[in-house]
Amino acid sequence: MSIFAPMDMKWINRIDRYMIALTVISIVVAFLTHFPELISLFDRSGQNNLFPGMHWADVANEIFFTFISLLLLFALNTFLFKFDRPAVHITWWKLALSFVLTWIVSNLLGKGFVFLHHHFNIPAIDAMVHHYLHPLRDFLITCIVVGSCYMSYLLRRSQLVLIENQQLRTENLINQYEALKSQLNPHMLFNSLNTLRSLIRETPDKAQDYLQELSRVLRYTLQENENQSVMLHEEMEFVRAYIFLLKMRYEDNLSFDIRIDEGTENCLLPPMSVQLLIENAVKHNEISNRRPLTIRIQSEGHQLTVSNPLQPKLTASGGTRIGLANLAKRYRLLFRKEIAVSEENDTFVVTIPLI
């Protein structure tokens, strides 16, 4: 029930706006079509040659009848031709049929009002000029009713096209983002299982602890896979668990310098962003007793920086090169932001925005 409630409310709001617009048009047109009579009522000379014997009640009744007639004509067109539904295709022959039908019904309504005036003494204007103006007014009212309905239809149809295009763009972005996320977990799992295999062979005791922490890390990745963004403090809790896994393998040869400003802990970033940058540094740099590696993680303002000294491995790492490119695409899709990658003084630096 709750799934369809918002859609029902939107539909009701659209109907309300449509009816309000038609009501306002009906009021304005009812007054404008009897503008000459209204002007004549203010003739202070006493010589009302165009509309002799006309009173306020006559004009008010004519305006009220025209207003009701307009509402009926709008309702007839809306019911028969579905001008309020942009999904319906309105062809030219439907538009022509609407015009002819509206003209005929408008004429019949006018004759019905004259009949009521003559047989039930309903106040109305009896001036000859007024009766001569009736065919012209029927034509103008027909043009206004059909034109207003069609313009409203075109406007709502253009809005529907814009909404559909936006939905398509949104779905496309979601599909792209999901495709990017689907690359991360297998990539990280592959590296972690390789490390676990090495630990099982070399140090079985450490392998048990590693497996326990690995399960926690993978649990986080599965939970956050449904989220498009996470808070920095949540990401850093996961990063510390991931660092534990790395230090199990590299021990003192790998160290971290983490400085997170408390004011940035509630900022947002894509999940596994920091982990990906750490993994990138570990994969592409030598880590050994001869050349230990220190990775620095620092947040300041609305930016987080991950840096490490450049010490390339002697043998090229055969990575799939999805790391930084993946992160850059996710930032563009989610936040329309860019990450910054640079090499300064033999230091590799990646700066990512915090939202």
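Taken together, the values in this text are just the output of simple stated rules run on the coordinates, not laboratory data. Keep in mind that what you see is a predicted model, and the values were worked out from it rather than measured. Neighbour counts are summed over all protein chains in view; Cβ atoms, including those assigned to glycine, are modelled from backbone coordinates with ideal geometry.
Determine the sum of side-chain charges near D261: Lys and Arg each +1, Asp and Glu each -1, restricted to other residues whose C-beta is under 15 angstrom from that of D261.
Residues close to D261 contribute a combined charge of -3.
If I take R0 = 51 Å and measure r between the Cβ atoms of N107 and E265 in this structure, what FRET efficiency does the formula 1/(1 + (r/R0)^6) give, to the nearest 0.05?
Approximately 0.10, to the nearest 0.05.
How large are Rg and Dmax for the range 61-134 when only the alpha carbon atoms are used, in Å?
15.2, 46
First check a/c for the range 57-99, with a ≥ b ≥ c the square roots of the eigenvalues of its C-alpha gyration tensor; if it is under 1.5, answer rounded, and if not, answer prolate when a/b is larger than b/c or oblate otherwise.
prolate
With the contact rule set at Cα under 8 Å and sequence spacing of 6 or more, what percent relative contact order holds for the range 228-355?
Computed value for the range 228-355: 26 percent relative contact order.
Pull up all non-local amide H partners of D261: gap of 5 or more, or a different chain, and H-to-H distance under 5 Å with H placed in the peptide plane.
Here the answer is S299, since their amide H atoms fall under 5 Å of that of D261.
Regarding the range 203-353, what's the average projected area of the Cα-atom convex hull, expressed in nm²?
Averaged projected area of the range 203-353's Cα convex hull equals 9.5 nm².
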